[in-house]
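Engineer: For reference, the structure I am asking about is given below.
The values are calculated or read from the model by the stated rules, or taken from the named source; none is laboratory data. Quick caveat: nothing in here was measured; it's all calculated off a predicted structure. Cβ placement follows ideal geometry from the backbone for every residue including glycine, while neighbour counts extend to all protein chains displayed. Each accessible area value is taken on the protein alone, full model and side chains, heavy atoms only, with ligands, DNA and RNA left out. Shrake-Rupley method; radii C 1.70, N 1.55, O 1.52, S 1.80 Å.
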Amino acid sequence: MVIVEPSRRIAFLNPPAESLFGYARGELLGQPIGLIIPEGVELVGRRKDGTAFALDADFAPMAMPSGEMVVVSIRDGSARRRAEEERARAEQALRIREDFIGVVAHDLRNPLHAIAISAELALRDLSADESQPRARRAAANIAHLTERTQRLVDDLLDVALIDAGAVRIARRPCDVEESVAEVVAMLEPAAAEKGIRIVARGALRRTVSADPERLFQLLSNLVGNAIKFTGEGGTITVEVAGPEGEPRFTVRDDGVGIPVEHLPRVFGRYWRGERSERRGAGLGLFICRGLVEAHGGRIWIESERGRGTAVHFTLPSPAPRVESAPSPEPPRVLVAVADDAEHERLRALLPAEGDRWRVQFAGSGAAAMAAIERAPFDLLLVDLGAPDLDGAALLQRVKEAQPGVARVALAARDDAALLRALPAAQQVLEKPCAPDALREVIERVLRLQRSLDNDALRRTAGGLASLPSLPTTYSDLLASMSDPLVSARDLARVVEQDSAMCVKLLQLANSAYFGSGREVVRVEDAIGRLGEVNLLGLAISVHIFSSLPGAVDRALLERIQTEGLMSARLAKRMARTAEESQLAFTAALVHDVGRVVLSLHQPDLYRELARETSLPLHELERQTFGVTHAEVGGHLLGLWGLPIPLVEAVAFHHDPTRVATRRFDVVAAVYASDALVQELVTGNPEIDLEYLARLGVSDELPAWRSMAASFA
């Protein structure tokens, strides 16, 4: 970050700016900004050694006692531009590959079809001619090899469609018994050659909503695989079970089985088991997985070396509609993961069916987008570490196209894709993530996602989440402040990494809220004036309000921030412990962020509501939108992964009785501080005296009122 005076000379720069340009701070203070950012059409930076580099910068005015300065937030754009070029090259390579596969498939299919017809005619002519056995065998061999090649071409086309998320599913009611019988009839001759029996059993007399051609392909692939790996005299069972709405198909054999260590990779493309067992191209199970997931189902495998294999898959079928008493659909979760081992690990961790949630997997970004466009989802979980999946781009596309979908990223601490994903992810979980922790986060996000009944509001809230969970500055400050010997200089080094935080800190330090006196231009001095604990709340506040779109009502935003700061100072003094004091300050600082969400949702209507004085604003919101700004704000902060006590304090700051507590906690402090600030602003007392009496704090109310008046 660089701060520029009206004279276009440099007044301040933080350590990252020193490192970026190669200068010491003293070498640049007072120098013209053109020394490091030359004027020109394209924005570039110039280092001390004379080298130029791509530059990204944001310019914002900042009022100071000595005049208006300009804050320049600078980022080295080299990595971004390299990433854009690499992504463009990757997209071009994908297009070339898809075009190539399409052309090859088309150019191969026609001659193969002609060869197949010719071989069939030759066999027909030679069938009665005993004098040419070699010619007859050659024609039979040509027919057999042509059929295998046609299947391989079809498989390659299916792989390309699956990778592109373009598998077309033409659903219609399919007779399960008829579909299974067709597959058995086709493959029974091949099984009989090895003395293998194929048995169909279970709840066959039913229908399933599926693409009949794809269902036939699924079953024939799995039964064909079972024939390959089952010894002479073995048995293959095709079984159908499970509920009417989502039948489970199982193809089971008593063949050689698969070693346990290979199971996580069996659905990967080109997997063919151990070298001695590699028969075919290894695309069958990969295609099966793609077809099942295109139907919205799931597929999994159970096997043990020497004890056979069972492949299970489900195909969701629409349940009969009951108009009089519709049951709520379970939340739907889409998991985007391209790595085969991680794919199987997540399948094992996440229950895919039942009343809790429904899980669908996608093996590429294109497949995930196609799934989201076909059906609504509540949550998207993306593995950023998968080499064949641009998770950051997927999160951004989903945010733009379906902002109501909650977005959670899984990433290793040193994952290079994490920085690109931060603007679109609403929560980031570190890999490896403990099973209970992963399920708890999904449950919590889904519960908050469903807490708003108004879909339009949920979409608006989701669209505002331009940053993930807690900002890095908050976490780094928290870690630094755990050291009893930390100094203001140490904290300044952390804050100086965050340009937006620096700006807000300097603005507040020079405002009337935190005293007057000499002008503060150093971050270290600003920290000394504001106090260390306040930094944590400011980190979250800056993080939230800097992510709001430009269309927001700036007058409303200024009022919310002003009243939030008054409430925060008051709540901090009211809280009972040091830890609760910190949480109360932060929660009160952002407790009205839901008002901004509602104003973005319907600006004209909300402006009219704000002018109405017949009822408190939150009650008017409830009548108009079905929710209050408190619940909307809590919903948004909960998706960002802020601490639960903080989320509760925001969500229930107009109705603290919804939280089961018998003492004056963070929720109560934020409620009371907001009520007292509104009492000062509107002149109408709104505080619930009975509630304060139940908590045993009624006698403190006069002191609190006096304190609030002193902050106004």
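Conditions tested, residue by residue: (1) modelled with pLDDT under 80; (2) touching a Phe, Trp or Tyr at 6+ places or on another chain (Cβ under 9 Å); (3) not small (Gly, Ala, Ser).
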site: Glu5; (1), (2), (3): no, no, yes
site: Asn14; (1), (2), (3): no, no, yes
site: Pro38; (1), (2), (3): no, no, yes
site: Arg47; (1), (2), (3): no, yes, yes
site: Met62; (1), (2), (3): yes, no, yes
site: Ile74; (1), (2), (3): yes, yes, yes
site: Val104; (1), (2), (3): yes, no, yes
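Engineer: If you don't mind, there's one more thing I want to ask. So how many residues does region 213-250 have that are closer than 13 Å to Glu178 by Cα, open to solvent by 30 Å² or more (accessible area, probe 1.4 Å) and of a type outside the set (Phe, Trp, Tyr)?
Structural biologist: Residues flagged as closer than 13 Å to Glu178 by Cα, open to solvent by 30 Å² or more (accessible area, probe 1.4 Å) and of a type outside the set (Phe, Trp, Tyr) within region 213-250 amount to 1.
Engineer: Could you please find all residues in region 623-657 being open to solvent by 50 Å² or more (accessible area, probe 1.4 Å) and at pLDDT below 80?
Structural biologist: Gln623, Thr624, Ile644, Pro645, Glu648
Engineer: Considering only region 559-580, how many residues are among the hydroxyl-bearing types (Ser, Thr, Tyr) and open to solvent by 20 Å² or more (accessible area, probe 1.4 Å)?
Structural biologist: First, the residues of region 559-580 that are among the hydroxyl-bearing types (Ser, Thr, Tyr): 562, 567, 577.
When the remaining residues are screened for being open to solvent by 20 Å² or more (accessible area, probe 1.4 Å), the result is 562, 577.
Of the residues in that region, 2 qualify.
Engineer: Starting from residues that are farther than 23 Å from Leu215 by Cα and surrounded by 10 or more Cβ atoms within 10 Å (Cβ to Cβ), keep the ones in region 309-331 and report whichever is modelled with the lowest pLDDT. So that I can check it myself, show each step before the final result.
Structural biologist: Of the residues in region 309-331, the ones farther than 23 Å from Leu215 by Cα are 321-331.
Pick out the ones that are also surrounded by 10 or more Cβ atoms within 10 Å (Cβ to Cβ) and you get 329-331.
Numbers: Glu329: 74, Pro330: 81, Pro331: 85.
Once the filter is applied, the top-ranked residue is Glu329.
Engineer: Out of region 185-201, which residues are surrounded by fewer than 19 Cβ atoms within 10 Å (Cβ to Cβ) and not in a helix (DSSP H, G or I)?
Structural biologist: Lys194, Gly195, Arg197, Val199, Ala200, Arg201
Engineer: Does Ser131 satisfy the criteria of being over 38 Å from the mean Cα position of the chain (by Cα), at negative phi and part of a loop (DSSP other than H, G, I, E, B)?
Structural biologist: Details: over 38 Å from the mean Cα position of the chain (by Cα): yes; at negative phi: yes; part of a loop (DSSP other than H, G, I, E, B): yes.
Yes: the conditions hold for Ser131.
Engineer: Residue pairs, Cβ under 9 Å, 6 or more apart or interchain, first in region 418-433 and in a strand (DSSP E or B), second modelled with pLDDT under 75 and of a type in the set (S, T, N, Q). List them.
Structural biologist: Partner pairs satisfying both residue conditions: Gln427/Ser469; Val428/Ser469.
Engineer: Then there is this: Hey, any hits in region 660-676 for a residue that's part of a helix (DSSP H, G or I) and open to solvent by 30 Å² or more (accessible area, probe 1.4 Å)? Step through it out loud before you land on a result.
Structural biologist: We begin by selecting, within region 660-676, every residue part of a helix (DSSP H, G or I); these are 666-676.
Subset that is open to solvent by 30 Å² or more (accessible area, probe 1.4 Å): none.
Looking for residues that are part of a helix (DSSP H, G or I) and open to solvent by 30 Å² or more (accessible area, probe 1.4 Å), one finds none in region 660-676, hence no.
Engineer: Quick one: in region 375-399, of everything that is open to solvent by 20 Å² or more (accessible area, probe 1.4 Å) and without any contact (Cβ under 8 Å) to a residue 40 or more places away in the chain, which residue is farthest from the chain's Cα centre (by Cα)?
Structural biologist: The residue in question is Arg397.
Engineer: Just for region 484-501: of the residues that are in a loop (DSSP other than H, G, I, E, B) and crowded, with 20+ Cβ neighbours inside 10 Å, which one is modelled with the highest pLDDT? Reasoning before the result, please.
Structural biologist: Start the filter on region 484-501 by keeping residues that are in a loop (DSSP other than H, G, I, E, B), which leaves 484-487, 496-498.
Cutting the leftovers down to crowded, with 20+ Cβ neighbours inside 10 Å gives us 496, 498.
Numbers: Glu496: 69, Asp498: 62.
Once the filter is applied, the top-ranked residue is Glu496.
Engineer: Just the residues that are touching a helix residue (DSSP H, G or I) at 6+ places or on another chain (Cβ under 8 Å) and not acidic (Asp, Glu), please, taken from region 171-188.
Structural biologist: Initial filter on region 171-188 (touching a helix residue (DSSP H, G or I) at 6+ places or on another chain (Cβ under 8 Å)): 172, 174, 179-180, 182-184, 186-187.
Scanning region 171-188 gives Arg172, Cys174, Ser179, Val180, Val183, Val184, Met186, Leu187.
Engineer: Which ones in region 364-389 are modelled with pLDDT under 80 and in contact with a Leu (Cβ under 9 Å, 6 or more places away or on another chain)? Spell out how you get there, then give the answer.
Structural biologist: Taking region 364-389 and keeping what is modelled with pLDDT under 80, we get 385-389.
Across region 364-389, the qualifying residue is only Gly385.
Engineer: Looking only at residues in region 156-178 that are out of contact with any Gly (no Cβ under 9 Å at 6 or more places or on another chain) and of a type in the set (D, E, K, R), which one is modelled with the lowest pLDDT?
Structural biologist: By that ranking, first place goes to Arg168.
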